[in-house]
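Since the structure comes first, as structure tokens, the remarks are kept for the end.
The values are calculated or read from the model by the stated rules, or taken from the named source; none is laboratory data. Since we're looking at a predicted model, the values are computed, not measured. Virtual Cβ from ideal backbone geometry, glycine too; neighbours counted across all protein chains shown. Each accessible area value is taken on the protein alone, full model and side chains, heavy atoms only, with ligands, DNA and RNA left out. Shrake-Rupley method; radii C 1.70, N 1.55, O 1.52, S 1.80 Å.
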Amino acid sequence: MKFKTGTILAFVAGLLLLLHFALSSLAIFAKSPTFDESVHLAGGYTFWTLDDYRINPENGNFPQRWAALPLLFRSDIKVPLDSSHWLEAKEWFFSFFFLFKSGNDPDSLFIPAKFMMLILSLALCVAVFLISREIFGGRGALISLCLCALSPTVLSQSSLVTSDLAAALFFLLSSYFIWRNFRTVNISNTLFCSASLALLFLSKMSAPIIIPFYLLAIFARLRSAEPTICEFRGGRTVLDGQGGRIKALAPLILVHIFAVYIAIWASFGFRYTQVPPGSPSAAAVALQWDDLAKGEKDTLDNAIIATDKFGLLPRGYLHGFLYVKKHLGKRISFMDGEKSNKGFAFFFPYCFVIKTPIPVMVLCAASIFLLLRLSNSKSELAHLAHLAGLAPLAIFAGLFAIFAVSSGINIGHRHLLPLYPMLFILCGVLGDARATGRSRWIKALAGVCAVCLAFESVAIAPHHIAYFNQFAGGPRNGYKLLVDSSLDWGQDLKELKKVTDRMSVSGKSNLYLAYFGTASINSYGLEGFISLPGYFTQENFRIHDYGSGTYCVSATMLHLLYYQDIFASLKFPPEILFDDSFDKLQPFVSDMLAAAGKGDEALAAFFRENGEEFCLRRYRAYDLIRFARLCEYLKRRMPDGNAGHSILIYKLDRAEIDTAMRMKVSF
């Protein structure tokens with residue numbers, strides 16, 4: 001029985017998509033919510049149900065709404081609208097209490113939302129396949145799909161309730177359809193292009209990166225020797241002259257702009273104000289805008305504020321855009337053991353080299369080499385006009401790479417995600433017989449690399465966020481090189497529960513946890529852990545001394561990456577960071593710890609005698625410096641285990657604790 005080539009192609013593509021779905025599903029059930037997912041899901045749900053845009057306006061409206069769609073069919077979800085966090089528009093605290101402390105089951109909210117995001121990830125894989133097939137044919141498309149479906153980078157974001165995956169999808173579709181629409185003006189191309197651009201601008205505030213590409217596409221079309229085709233109502237017009245092209249493109253550009261403009265207004269309920277009229281939170285939300293509009297302003301800041309002044313766009317959209325603009329470059333970065341307030345010039349190239357599987361880099365290099373060889377052979381190039389379809393992807397990839405390298409926001413490898421689909425499509429050239437001829441080594445190379453990639457992606461599952469290649473020493477070495485969303489994004493509370501249970505860590509052993517994330521540790525069975533300092537306020541805070549036991553520390557907290565932010569949030573003076581503060585605080589805190597050791601009544605008496613607020617402020621300052629010393633010691637010591645490679649586990653005795661407390665700390 002013979003099978004047609006198309007049938008085999010569809011079967012293999014289906015298997016790859018099924019494997020992508022399976023690997024992503026493992027993470028959906030095995031992982032706790034990452035740092036940003038709580039505000040995304042809370043934002044999406046309140047957008048739909050309350051027509052209120054106070055939560056998370058700085059991220060895309062579309063992915064938040066998309067993720068929250070399954071929740072609209074439930075009537076049992078409790079929303080704490082009477083909480084001070086909602087009334088004061090404190091998005092992080094509200095999201096925490098809504099999802100974890102209001103009687104809702106977190107998994108029942110997050111799991112369906114994550115499957116909604118997985119649909120977008122599958123759409124990205126399909127888009128890569130179809131575009132690659134158009135350029136390189138079926139075999140090339142399978143190579144591209146294999147790289148996309150099994151990419152640890154894509155899999156790490158495939159089910160997360162965040163905006164990165166949606167942005168990657170619509171950057172790809174926008175760049176493809178802009179080029180296509182300018183070449184052939186018809187209703188279908190115009191609709192797809194307009195929809196892609198609209199959804200891109202609703203997915204992430206980095207969408208304006210597409211504008212330079214759009215302008216270059218216009219310039220290329222006007223300068224191209226290839227005619228522009230207009231198709232309408234069965235008619236077909238060929239436009240060779242520049243004047244005719246301008247007449248065709250001008251209304252097309254207006255349609256694109258109008259589509260984006262209407263989509264933005266529609267996503268905010270065609271209402272200018274961020275909260276409904278008469279909302280008791282109107283003043284609090286307005287104050288947040290005023291704070292953003294203060295201080296030094298550049299041309300773009302003034303343009304955003306002027307747009308708001310004349311009501312040209314919804315306040316919610318402009319609030320998010322101005323927030324992102326104001327916070328560009330204001331995040332502390334970590335790379336290879338070093339921290340920087342200004343970012344690193346080679347942060348993203350470094351991320352690419354150590355977070356991209358070596359088989360993928362080999363295929364990218366082989367593809368570029370092949371294309372360069374073909375470009376130097378005029379006789380071969382004459383038969384390869386179809387490779388011009390790579391032009392828009394190559395141009396966008398170049399522009400995006402320039403933007404990434406010049407960006408001061410060096411907090412995560414995920415920000416390179418829009419670049420990867422372009423590279424996967426590029427690798428499709430290795431499956432194009434018109435380009436490779438009868439070369440057996442190319443087929444062998446593609447096959448070996450695909451098998452190696454499949455092995456790596458399956459082996460690391462479901463810990464794809466923590467993937468590091470062999471150049472980096474693998475995922476176990478990742479915490480020394482990159483942190484935050486490149487490794488440790490709060491996703492491993494469930495894994496920590498499994499690992500500590502498996503290690504038989506229980507009974508009288510003290511359990512400590514320094515967690516970098518916004519999920520509730522108690523919601524995932526970690527009630528027995530004492531909370532050490534973390535970026536976000538957690539349960540299980542108590543006055544306690546360090547004792548021998550098991551210390552579980554998120555990689556981001558280990559490197560004290562955002563420690564100055566934590567001090568600032570508690571309004572401690574800068575001098576509290578110096579080492580002599582620890583010695584000055586120690587006698588008073590020792591008395592407090594002694595009282596705590598005698599029981600709650602003794603501690604309450606100590607608070608009454610000295611003032612509870614006075615005591616707690618000094619204890620928190622002492623606790624932060626004490627934890628910093630502990631981390632300084634732990635960085636010099638190998639972990640005894642880990643949870644998903646992102647939370648490091650150390651078993652410490654009394655002697656090691658004493659040694660740690662003598663460490664010198666540099667912030």
If a residue has to be under 17 Å from L165 (Cβ atoms), among the hydrophobic types (A, V, I, L, M, F, W, C) and out of contact with any helix residue (DSSP H, G or I) (no Cβ under 6 Å at 6 or more places or on another chain) to count, how many in region 27-49 make the cut? 2
Residue pairs within 6 Å by beta carbon, gap of at least six or interchain, first lying in region 233-247 and touching a residue at least 12 places away in the same chain (Cβ under 8 Å) and part of a strand (DSSP E or B), second surrounded by 14 or more Cβ atoms within 10 Å (Cβ to Cβ) and of a type in the set (G, A, S), listed first then second, are L239/A248
What do you reckon, is L173 open to solvent by less than 10 Å² (accessible area, probe 1.4 Å) and either closer than 18 Å to P421 by Cα or among the charged types (D, E, K, R) (or both)? no
I'd like to verify a number: residues in region 392-408 that are surrounded by fewer than 18 Cβ atoms within 10 Å (Cβ to Cβ) and among the β-branched types (V, I, T), how many? 2
Whether any residue in region 1-9 is open to solvent by 10 Å² or more (accessible area, probe 1.4 Å) and at pLDDT 95 or above is what I want to check. no
Contacts under 7 angstrom Cβ, first residue in region 121-133 being within 18 Å of R414 (Cα to Cα), partner open to solvent by 20 Å² or more (accessible area, probe 1.4 Å), 6 or more apart: L122/L17; L122/F21; C125/L17
Of those in region 512-548 that are at pLDDT 95 or above and assigned to a strand (DSSP E or B), the residue surrounded by the fewest Cβ atoms within 10 Å (Cβ to Cβ) is Y512
Picked from region 447-488 (must be open to solvent by 50 Å² or more (accessible area, probe 1.4 Å) and among the aromatic types (F, W, Y)), the residue nearest to V353 (Cα to Cα) is F471
Taking the residues in region 202-234 that are small (G, A, S) and under 30 Å from P57 (Cα atoms) as candidates, determine which candidate is surrounded by the most Cβ atoms within 10 Å (Cβ to Cβ). S203
Go through region 621-667 and give me each residue that's open to solvent by less than 10 Å² (accessible area, probe 1.4 Å) and assigned to a loop (DSSP other than H, G, I, E, B). G644, S646
Inspect all residues belonging to region 265-272 and state whether any of them is within 28 Å of L416 (Cβ to Cβ), of a type outside the set (D, E) and part of a helix (DSSP H, G or I). yes
Just need a number here: residues in region 392-439 that are of a type in the set (A, V, I, L, M), assigned to a helix (DSSP H, G or I) and under 30 Å from Y562 (Cβ atoms). 6
What's the number of the only condition in (1) closer than 24 Å to R183 by Cα; (2) open to solvent by 10 Å² or more (accessible area, probe 1.4 Å) that F424 fails to meet? (2)
